[in-house]
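One structure below.
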Amino acid sequence: SIVFCSQRDGDLELYMMDADGKNPRRLTYGVGYDGGPFFSLDGKTILYRADRKNTPEMLLQIRMIDADGKNDRALTDNTIFNWAPYYHASGKYFIYVEVDHAAYARGERPNYDLFLMNLDGKNRTRVTSDPEFAEAFEAAKRRVATMDIRFVDEPDPTRQALLEIYAATALGTP
């Protein structure tokens, strides 16, 4: 299956379809922006970002929904911008970015920091606190923007591990 966002029904929502592009089905129905979906490793849940408060500031929060479109729930609820959620390989938690864009209004440069959180939305743990992280992130973002990204489902765990090692080596990531 492929998970994606679309405005086909008038509001940016999450949809899923078969790998061949058939059987598209809507997953989210909340007012406001829903986007940036990622499947869990087992394919049972999806992490995404959403502005259910539908504010001009786009105070995106991290949400999780079951792959069948049920059990949609917020994992963060704060007054800052949360985005880029991604499941940790252990399947026990996820990593995401927090940034206070209100810093621009204060004449400051916002700090982009990584946080880990349990899948139930508890035990938020800061991973980075370096103000220079934003610069490194922008460089990585420019590099990723030029990539052709595809998901490969490899049933053999050894081949999957080798594929991940190859991709990490090719991208120069840890």
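The values are calculated or read from the model by the stated rules, or taken from the named source; none is laboratory data. Bear in mind that the values here come from a model prediction, so they are computed numbers and not experimental data. So basically every Cβ, Gly included, is an ideal-geometry build from the backbone, and we count neighbours across all protein chains shown. All accessible areas refer to the heavy atoms of the entire protein, side chains included, with ligands and DNA or RNA removed. Shrake-Rupley method; radii C 1.70, N 1.55, O 1.52, S 1.80 Å.
Details
- Residue within the range 106-114 that is at negative phi and modelled with pLDDT of 90 or more present: no
- Matching residues in the range 103-118 - criterion: being of a type outside the set (S, T, N, Q) and open to solvent by less than 50 Å² (accessible area, probe 1.4 Å): 103, 110, 112, 113, 114, 115, 116, 117
- Odd one out for residue 84 among (1) of a type outside the set (Ser, Thr, Tyr); (2) outside any loop (DSSP other than H, G, I, E, B); (3) surrounded by fewer than 17 Cβ atoms within 10 Å (Cβ to Cβ): (3)
- Residues of the range 56-78 classified as open to solvent by 30 Å² or more (accessible area, probe 1.4 Å) and either touching a His at 6+ places or on another chain (Cβ under 9 Å) or assigned to a loop (DSSP other than H, G, I, E, B) (or both), total: 10
- Selection status of residue 164, over 28 Å from residue 61 (Cβ atoms) and either out of contact with any Ser or Thr (no Cβ under 6 Å at 6 or more places or on another chain) or at pLDDT 90 or above (or both): yes
- Residue within the range 15-26 that is closer than 24 Å to residue 120 by Cβ and modelled with pLDDT under 95 present: yes
- Unique match (being touching a strand residue (DSSP E or B) at 6+ places or on another chain (Cβ under 8 Å) and in a loop (DSSP other than H, G, I, E, B)) among 43, 30, 10: 30
- Only one of 170, 89, 136 that is at pLDDT below 75 and exposed (fewer than 11 other Cβ atoms within 10 Å of the Cβ): 170
- Residue count for the range 27-49, restricted to those that are touching an Asp or Glu at 6+ places or on another chain (Cβ under 6 Å) and open to solvent by 20 Å² or more (accessible area, probe 1.4 Å): 2.
- Residues of the range 82-116 that turn out to be more than 22 Å from residue 33 (Cα to Cα), among the aliphatic types (A, V, I, L, M) and touching a residue at least 24 places away in the same chain (Cβ under 8 Å), as a count: 2
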